[in-house]
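Below is one structure; the comments refer to it alone.
The values are calculated or read from the model by the stated rules, or taken from the named source; none is laboratory data. This structure is a prediction, so every number in the text was calculated from the model and none was measured. Using ideal geometry, Cβ is built from the backbone for each residue, glycine included, and neighbour counts are taken over all protein chains shown. We work out accessible area using only protein heavy atoms, side chains counted, and drop any ligands, DNA or RNA first. Shrake-Rupley method; radii C 1.70, N 1.55, O 1.52, S 1.80 Å.
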Amino acid sequence: MSHHNVRKLTETLVSIPSHDDPTTVGDRIESWLRKETDATVTRDEVGNVIARRTVEGSSDDSLALVGHHDVVPPADSQVDADGNYVLDQRKGRLYGRGTADMKGPLAAAMVAFRDAEPVVDLVFASFVGEEQGGIGAQAAIEEGFSPTWAVVTEGSTGYSAPGVTDVAVAHKGRRGSTIRATGTAGHASRPADAENAIYRACDAVDLIRSLEAPETTVLGAELSGSVAVTEIEGGSAWNVIPDGCSVTVDERTVPGERVDLAQAEEIEGIEWEVDQDLPPMACDDPAFADRVLAAAADTQSGEPQQVAKPHATDAGWLAAAGTDCVVCGAAEPGEAHTATESVSLEVVDRCYDIYRIVAELPVGN
């Protein structure tokens, strides 16, 4: 019966558009929690929905099931003429914007939150603004959201083997930055009379290409960073030496060391500015990670592994604030943000089982 509840709730949540404004689906999540559970439910100013079930006589520890209810804009094929999201179920999968990222596992977490008999305080949180860099997570943390442990329901299926729901114990972060080069303009017929900003930018690019990105291992899962120049813009006309040029740098970070991009400012005329810095995540509680892995193993015939994700999630913000996190969810590599996004309903059911088992097991060291 609970799996049926999960599937129906998935369809309900997916059918509500939430790329421009997540308010309506947030309303639905809030009303469901108030109707279906006896939890204390709150809705903050930015739109996060947070519910808490208190276990009398337990410690001050808490376990959170964490997701988000905003989605990226749909493709034309994912909306009908009236702007409603299109759902299509076939061959055991539900197709539509937000099915994998992440309203399927979000529904699984909601029903597991309702059904579990937790041993410590159990929290459910659905944030807004994850697709804009973790706006909701940051706001919640600033207001004191600080569970001891968290299972973040982003995708972890299909990393070790097709169809297997793994447990991500680490993920990369993303630091996006801009190199700005300034020079002095001049006529291209007399290049020695000017300072070419593009040449200075190229010197910075050469430096960036020489830098080695750090690597690390978290609970046996290997994680490699990277740094790449992805855009360059400069110049105003074919016969003018440019006095300005900008370079976009995409850096995938790992827990620990960062690439030292600040040294680019040692080049004359170069300034470096960080535009976005999404933190990486590493689980610092091996016992918690092992318990989630054991729960995942109990729910499937495959052999799940502790893995690392290449993508930043809200787990990075939570980990930076002191919560021990893992990522475990139904989305498979290559599903999220696509025009053919879909989720396996069997795996959504499995996520419900995993979340409920974890909520009912002693956790931590």
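Computed values, structure above
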{"read-out": "Per DSSP, loop GluC sites (Glu not before Pro) in the range 226-263 with at most 12 further Cβ within 10 Å", "value": "E257"}
{"read-out": "Charge dipole magnitude, Cβ of K and R +1, D and E -1 - the range 1-156, Cα centre, debye nearest 20", "value": "720 debye"}
{"read-out": "With Cα atoms, 0 to 90° folded angle of helix 345-360 axis to the chain main axis", "value": "70 degrees"}
{"read-out": "Surrounding net charge for G96, when Lys and Arg each add one and Asp and Glu each subtract one, Cβ distance under 12 Å", "value": "-2"}
{"read-out": "Non-local Lys pairs in the chain, i.e. 8 or more apart or on different chains, that have alpha carbons under 29 Å apart", "value": "10"}
{"read-out": "Helix 23-36 axis, angle to the chain major axis (alpha carbon atoms, nearest 10°)", "value": "20 degrees"}
{"read-out": "Candidates per chymotrypsin sites (Phe, Trp or Tyr not before Pro) in the range 157-253, loop by DSSP, up to 16 other Cβ within 10 Å", "value": "W238"}
{"read-out": "Environment charge of G133, counting only residues whose C-beta is closer than 13 Å and scoring Lys/Arg +1, Asp/Glu -1", "value": "-4"}
{"read-out": "From phi via Karplus (6.51, -1.76, 1.60), per-residue ³J(HN,Hα) for the range 201-215 in Hz, x at Gly/Pro", "value": "5, 5, 4, 5, 5, 4, 5, 4, 5, 8, 7, 9, 7, x, 10"}
{"read-out": "Cβ charges +1 (Lys, Arg) and -1 (Asp, Glu), total dipole of the chain, debye", "value": "1040 debye"}
{"read-out": "Phi-based couplings in Hz for the range 304-309 (Karplus 6.51, -1.76, 1.60; Gly and Pro marked x)", "value": "x, 10, 7, 10, 10, 9"}
{"read-out": "Descending semi-axes in Å of the range 250-364, equivalent ellipsoid built from Cα gyration tensor", "value": "35, 19, 11"}
{"read-out": "FRET efficiency, V240 to E215 (Cβ-Cβ, R0 41 Å, nearest 0.05)", "value": "0.40"}
{"read-out": "Charge dipole magnitude, Cβ of K and R +1, D and E -1 - the range 233-337, Cα centre, debye nearest 20", "value": "460 debye"}
{"read-out": "Mean accessible surface per residue for the chain, computed with a 1.4 Å probe while every protein chain stays in place, in Å²", "value": "44 Å²"}
{"read-out": "Accessible-area composition of the range 1-52, carbon plus sulfur, in percent [1.4 Å probe]", "value": "46 percent"}
{"read-out": "Relative packing of peptides 348-355, 174-181, 18-25, 84-91 - highest average C-beta neighbours within 10 Å first", "value": "348-355, 174-181, 18-25, 84-91"}
{"read-out": "Total formal charge among the other residues, if their Cβ is under 15 angstrom from that of V307, Lys/Arg +1 and Asp/Glu -1", "value": "-4"}
{"read-out": "Packing-based ranking, highest mean first, of 207-216, 240-249, 126-135, 148-157 given that Cβ atoms within 10 Å are counted", "value": "148-157, 126-135, 240-249, 207-216"}
{"read-out": "Over the chain: helical MRE at 222 nm, DSSP H runs n ≥ 4 each giving -39500 (n - 2.57), nearest 500", "value": "-8500 deg cm²/dmol"}
{"read-out": "The range 173-277 - percent of accessible surface contributed by carbon and sulfur, probe 1.4 Å", "value": "44 percent"}
{"read-out": "Per-residue HN-Hα couplings for the range 89-104 [Karplus 6.51, -1.76, 1.60; θ = phi - 60°; Hz; x = Gly/Pro]", "value": "10, 7, 6, x, 10, 9, 9, x, 5, x, 5, 8, 10, 8, 6, x"}
{"read-out": "Pairs of alpha carbons in the chain whose separation is greater than 25 Å (percent)", "value": "57 percent"}
{"read-out": "Cα centroid separation, the range 21-70 to the range 116-185 (Å)", "value": "17 Å"}
